[in-house]
Structures are given as structure tokens and as C-alpha cells.
Amino acid sequence: MDVLSVFHDLLYQPAIGPLLLMARVTERIRLGPVALNPFTLHPYEIAGQIAMLDAVSGGRAFLGLAKGAWLDRLGIEEARPLSALREAVAIVRALLAGDERGVAGERFTLAPGTALAYPRVRESVPLLVGTWGRETMRWAANVADEVKLGGTANPDFVRVAREWIGNDSVGLVTGCVTVVDEDGDLARERAAEVVRGYLDVVGHLDPTLELSRGEQPPLERFCIAGTPEQVAAHVSELWGAGADRVELGTPQGRTTSEGVGLICDRVLPLVR
């Protein structure tokens, strides 16, 4: 594999802990959170966490940013999320680069002279922006290295997103709940259990499905599940639609270790 991502979804463990552990036992693979959000973690703290991960990993960190979900549970104001992302990117980049001119934003401010008071391995890290929105994708096409459609396995939406981005130099990443098992039916049942909690967030955001009010989204468009051969075929279909990278998300299999083993030993040779 080329990349290890750790989710930073609300209610779950912070991504920085597992990422630091992974950095100590890997040598070449890229590592990053997918994704941090500036509403629960100030851009200054985001810059600090990524600088730390980059140092521990020897310059292999990337930063995933998104507006986040379920923030209403915390009573957090989510107005103008694109402005918040813009300002977060500006602040993180200034801090990593050692630029002390400051950033005066509408939501976030970095006073002139403010810096990270410790050395950084690199003055910048690759940026991934997670979004399902056309406007955010168009902005990300000018500032990010990658755009991620988190939670989709729909090749039709990948094609639409590639058009929205409109910049072939920006990578398009898709990723979702994945379960691989020799028993394809069991894999699909397990995936359905896990993905159900996310459908309330993303189920009606896919512009290619045209769901009527109250209609349940098709699960196969939001997860990758089946035998190794079926999973490999689904990954290949996403690549064919325009995805540059496919993240095979948790739980991966009956257990994570079994699923990752099947992905490495059975799925990857088929998609190579």
C-alpha cells in the first residue's frame, strides 16, 4: 500500500495517536488524518499536530482537512464552512513555512509574529481536502494536492467530481467502509451494518442518485464489500471512472487483521 489514513470522525479516538504509533513502525508509507476540521481543532493546533507527525515520520505526513460532521451535537456554529477551510489552510501553511506576517480572517486570526516555537522537518506538507460539494471542490482544485470523496463507492459520482475539480494535476481520492471475505454475502452484511451510521450524513448528497424523499440510498454505492475478486473489481471500476487513489476503510474484514491480510495478499495482486 502507498498511504495509511486514520479517520478523525467525531466521537472516535483522535487520529494523532495512532498516526504517531504507525510512524514509528513504517518506513516509506505516507501517513495522515482524514480529516481534521477547524471547527473542533484550531488551525494553530492542526499545524502543530501535522508538524509533529512529519517530524516523527521523517517527512511522510500529509494533512487531510474537511468541515466535519455531527458538529451540531457540540453546538458548534458551522456557518460559511468554505471560508473556515480557506483560513485554516492559510494559517497552517504560514505556520509550517515560518511566515510570521499573520493571517487576518473572518473566523480565524493569526497575529503577526506568531509562530511554532520549534523546528519543522518540512516547510509544507501535501494537502487533502475532503468534500462532497461542488464549490469546495473547485476551490480545492487551486490549493490542494488531493480531493477526497469520503464515504462513496459510486463510480458515477467519481466522474462528476472529476469534472467539478477540473484540474487533472489534483488527485481524486475515494474511500469508504470496506469488508473483504471469502464469503461475499457475509462481507456485504457486515458492511451494511457499519455503513448504516454514515448514510444519514452522506446518503442524500450524491447528485447522481436522484433519490426521492424518504427513499433509502443503495448500500453498494457507499461501501466496497465482497470476495477478494469482487473488491478488486470494484476498486478497478473506481480507478476507471477517474479516481487516482482508493482508500479501503475500516473494518476491512471480519476482523481488521484478517481483512488487511486479504487486501494485501489477494486484492492488491489483482488490481496491479
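The values are calculated or read from the model by the stated rules, or taken from the named source; none is laboratory data. Note that the structure is predicted; figures quoted are calculated from it, not measured. All Cβ positions, even for glycine, are placed from backbone atoms using ideal geometry, and neighbour counts span all protein chains on display. Just the protein is used for accessible areas: all its heavy atoms, side chains included, with ligands, DNA and RNA removed. Shrake-Rupley method; radii C 1.70, N 1.55, O 1.52, S 1.80 Å.
Would you call residue 15 at pLDDT 95 or above, more than 19 Å from residue 140 (Cα to Cα), small (Gly, Ala, Ser) and in contact with a Phe, Trp or Tyr (Cβ under 7 Å, 6 or more places away or on another chain)?
So residue 15 passes the test.
Quick one: what pairs do we get from the stretch 222-237, first residue among the acidic types (Asp, Glu), second assigned to a helix (DSSP H, G or I) and surrounded by fewer than 22 Cβ atoms within 10 Å (Cβ to Cβ), C-beta under 6 Å, 6+ apart or different chains?
Cβ pairs passing all conditions: 237/155.
Filter the stretch 21-60 down to residues that are closer than 23 Å to residue 175 by Cβ, in a helix (DSSP H, G or I) and touching a residue at least 60 places away in the same chain (Cβ under 8 Å), then give me how many there are.
Residues that pass the stated criteria total 2.
Would you be able to tell me the number of residues in the stretch 1-31 that are open to solvent by less than 50 Å² (accessible area, probe 1.4 Å) and either on the phi > 0 side of the Ramachandran plot or among the polar types (S, T, N, Q) (or both)?
2
Does the stretch 69-80 contain any residue that is closer than 22 Å to residue 17 by Cα, open to solvent by 50 Å² or more (accessible area, probe 1.4 Å), in contact with a Pro (Cβ under 6 Å, 6 or more places away or on another chain) and at pLDDT below 95?
no
Regarding residue 106, is this residue open to solvent by 50 Å² or more (accessible area, probe 1.4 Å), within 22 Å of the chain's Cα centre (by Cα) and at pLDDT below 95?
no
Can you confirm whether residue 117 is at negative phi and assigned to a loop (DSSP other than H, G, I, E, B)?
Yes.
Report the residue count in the stretch 185-232 for those that are open to solvent by less than 60 Å² (accessible area, probe 1.4 Å) and in a helix (DSSP H, G or I).
14
Is it true that some residue in the stretch 180-192 is of a type in the set (Lys, Arg) and over 24 Å from residue 265 (Cα atoms)?
no
Name the residues in the stretch 170-204 that are touching a helix residue (DSSP H, G or I) at 6+ places or on another chain (Cβ under 9 Å) and among the hydrophobic types (A, V, I, L, M, F, W, C), would you?
The answer is 170, 172, 176, 177, 179, 180, 187, 191, 192, 195, 199.
Considering the stretch 32-43 alone, what residues qualify as being open to solvent by less than 40 Å² (accessible area, probe 1.4 Å) and polar (S, T, N, Q)?
Residue satisfying the conditions is 37 alone.
Against the condition open to solvent by 10 Å² or more (accessible area, probe 1.4 Å), aromatic (Phe, Trp, Tyr) and modelled with pLDDT of 95 or more, how does residue 132 come out, does it pass?
Considered against the rule, which asks whether it is open to solvent by 10 Å² or more (accessible area, probe 1.4 Å), aromatic (Phe, Trp, Tyr) and modelled with pLDDT of 95 or more, residue 132 comes out as no.
Considering each residue of the stretch 89-103, count those that are open to solvent by less than 50 Å² (accessible area, probe 1.4 Å) and in a loop (DSSP other than H, G, I, E, B), and give that number.
Residues that pass the stated criteria total 3.
Considering only the stretch 151-169, how many residues are small (Gly, Ala, Ser), open to solvent by 10 Å² or more (accessible area, probe 1.4 Å) and within 28 Å of residue 197 (Cβ to Cβ)?
Matching residues across the stretch 151-169 total 1.
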